[in-house]
Amino acid sequence: MTLQEIFDKAYLGLASQNFKRSRIDSSEVFPGDTVFAGCRYRGPDGLKCAVGHLISDECYLASFEGRNADDLAIVQALRGSGAFSDAMFESGFLTELQSAHDRGCTAGEMRTLLDTFAQRHGLTIPPISP
């Protein structure tokens, strides 16, 4: 996949969930739980993070939660899902994409961060179908 195709898939996936973060707040985690509080590849109500939209259900493992996008297990899942390009690692593409999602507290803020990300990487924002 090209970087544009990877970005399109993540962006349109986020658009399909109205740019809501896939997140579990620390208030939802009980002491002693092994649940990771924070943004998640797969979160409550079926929400996914930007990188989570690139990982197929067949390649996803719950143990991915809490790992950075450039973690070897995540990279292998992306490769297995067909969402892979060597260029993702030369430019910090994945970790920046993950950060744009994680830092977007509101839909508008996430879209602004993703727009900035796209500009920085020479990408275009894909059209959103109604």
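What follows draws every value from the coordinates through simple rules; no lab data is involved. Note that the coordinates shown come from a computational prediction; the quantities given were computed from them, not determined experimentally. FYI the Cβ positions are ideal-geometry reconstructions off the backbone, even for glycines, and counts take in every protein chain you see.
Among His53, His101, His121, a tally of other beta-carbon atoms within 10 Å of each Cβ gives an order, fewest to most, of His121, His53, His101. Taking each residue as 0.36 nm, the span from Ser129 to Ala107 lengthens on full extension beyond its C-alpha to C-alpha distance by 6.2 nm. Shape of the chain from its Cα gyration tensor (a ≥ b ≥ c, root eigenvalues): rounded if a/c is under 1.5, otherwise prolate when a/b > b/c, or oblate? Since a/c reaches 1.5 but b/c is at least a/b, the shape of the chain is classed as oblate.
Considering only alpha-carbon pairs that sit under 8 angstrom and 6 or more positions apart, the relative contact order computed for the chain is 28 percent. Per-residue Karplus couplings for region 43-60, computed as 6.51 cos²θ - 1.76 cosθ + 1.60 with θ equal to phi - 60°, are listed in order as x, x, 6, x, 5, 10, 7, 4, 6, x, 5, 8, 9, 5, 4, 5, 9, 6 Hz, Gly and Pro entered as x. If I build a Gaussian network model for the chain, linking alpha-carbon pairs within less than 10 angstrom, which residue out of Gly66, Gly46, Gly80 has the largest mean-square fluctuation? In this elastic network of the chain, the residue with the biggest mean-square fluctuation among Gly66, Gly46, Gly80 is Gly46. Once the Cα-Cα distance is subtracted from the 0.36 nm per residue extended length, the Asp70 to Gln119 segment shows a gain of 15.5 nm. The label point for Leu3 and the one for Asp57, both projected 7 Å from the Cα toward the Cβ, are 3.2 nm apart.
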